[in-house]
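> Below you will find the structure I want to go over with you.
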Amino acid sequence: MKNRTLSGVLGISFVLLLAACEAPPPATTQIGYRGLGMEQVVNPATRDRVLAANVVPDAPPLASADGPRASEVFQNVPVLGHLSAAEFTRLMVSMTSWVSPEQGCNYCHVPTDLASDSVYTKVVARRMLQMTQHINSNQGDVAAHVGTTGVTCYTCHRGHPIPQNVWSIDPGPPQAGGFAAHRNGQNLASAVVGYTSLPYDPFAPLLGDGAQVRVVSSEALPRKGGTGPTIQATEATYGLMMHVSDALGVNCTYCHNSRSFAAWDSSSAARVTAWHAIRTVRDINTHYIEPLAPILPAANKGPGGDVLKANCATCHQGLNKPLNGVSMLKDYPELVGARPTPAAATPGPAAMPAPPAPST
């Protein structure tokens, strides 16, 4: 009897210990029918830290759009020459605080010749301005993903010359050589995919090469050369979904209905937004970031020599809407403009397919 009583006490203590593993306890919000697991779970302590890291900085007073153009006052301003000199100066000051607050203007400019392009960061900044204008042009996949909220340099950089959340082709974690290196198709745990047994580099094929994000097949056992996605493609898709969930701070049910993850007609509107988001990220990686490879130093590249690229966390940084949905464009109209024409050496964005029909 004493042993049973002791076991019961220990059992209750163990349950209480597990219940106290997270403090404060997570908050759960039901977003769908009961019994389907359609809930969003948020840890209040984690949420508070994320929100504190996503506060929009104060904006300086708007500059007058009147007066001489920047192209008339300054030399070599092909992208922002249409702004007034006052608007141009205000934007340059803001960009410095967003991207290089410690390095200052000299991070991009030669102090004795501000018009010079000899500093590679100035060439990169010009291309990033074109990318920002492209995103803020509110067309195509961008319109369905970003909408009118738009982006600024601060959306990604947050005071760092290189955004903290970027990716490059992952050579994989260190492992033994010889026969031990043959894993027979097994994956290796990685923080990128939540330390699950999924491919440790889902970004290269799905955010770089443009492979299809697919899971459901019409075959019971998908095979190589078959009509449906392979098991390897499915694993890569789940790896990317783990990243999306972590980057946005949401559960799978933020986009999917747990009754049928594949069914579009019962998914939330957020799934359509995410579909366009993946294509937006591919677009900016392919047409704006990767073409900069010839001028970027090794410090701006991964171990394989490819450039550091964007993924969902680059902008979102733990929230389902970057900067908690606050738009900075009203304070920085200088970054709103017509979609720029890419340079001759850079191909224009390819036509993107329409989202799959709800019945698929």
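The values are calculated or read from the model by the stated rules, or taken from the named source; none is laboratory data. Just so we're clear, the structure is a prediction, and the values are computed from it rather than from any experiment. Virtual Cβ from ideal backbone geometry, glycine too; neighbours counted across all protein chains shown. Accessible surface is based on the protein model in full, side chains and every heavy atom, while ligands, DNA and RNA are left aside. Shrake-Rupley method; radii C 1.70, N 1.55, O 1.52, S 1.80 Å.
> Under unit Cβ charges (Lys, Arg +1; Asp, Glu -1), what dipole magnitude, rounded to 20 debye, does segment 81-142 have relative to its Cα centre?
On the way: 4 positive and 5 negative charges, 7 e Å.
About 40 debye.
> Quick check: with the 1.4 Å probe, what order do H109, H82, H134 take by accessible area, largest first? Could you put the intermediate results ahead of the total?
Working: H109 45, H82 105, H134 5 Å².
So, going from the largest accessible area down, we get H82, H109, H134.
> At 0.36 nm per residue, minus the direct Cα-Cα distance, what do T230 and H82 gain on full extension? Give it in nm, one decimal, please. Please report the intermediate quantities before stating the final value.
On the way: separation 148, 0.36 × 148 = 53.28 nm, distance 5.08 nm.
Taking 0.36 nm per residue and subtracting the Cα distance, the gain is 48.2 nm.
> Leaving ligands, DNA and RNA out of it, rank M38, M128 by accessible area with a 1.4 Å probe, largest first.
On the way: M38 20, M128 45 Å².
Ranked list, largest accessible area first: M128, M38.
> Something else now. Place a point 7 Å from Cα of K301 in the direction of its Cβ. Which residues in segment 155-175 have their backbone N less than 19 Å from it?
162-163, 166-172
> How big is the charge dipole of segment 83-221 about its Cα centre, in debye rounded to the nearest 20, if each Lys and Arg gets +1 on its Cβ and each Asp and Glu gets -1 on its Cβ? Kindly include the intermediate steps, with their values, before the conclusion.
Working: 7 positive and 9 negative charges, 26 e Å.
For this selection, approximately 120 debye.
> Label segment 82-138 by shape, choosing from rounded, prolate and oblate, from the square roots a ≥ b ≥ c of the eigenvalues of the Cα gyration tensor; if a/c is under 1.5 it is rounded, and otherwise prolate applies when a/b is larger than b/c, oblate when it is not. Intermediate values should be presented prior to the final figure.
On the way: a/c = 1.57, a/b = 1.43, b/c = 1.10.
It comes out prolate by the Cα gyration axes.
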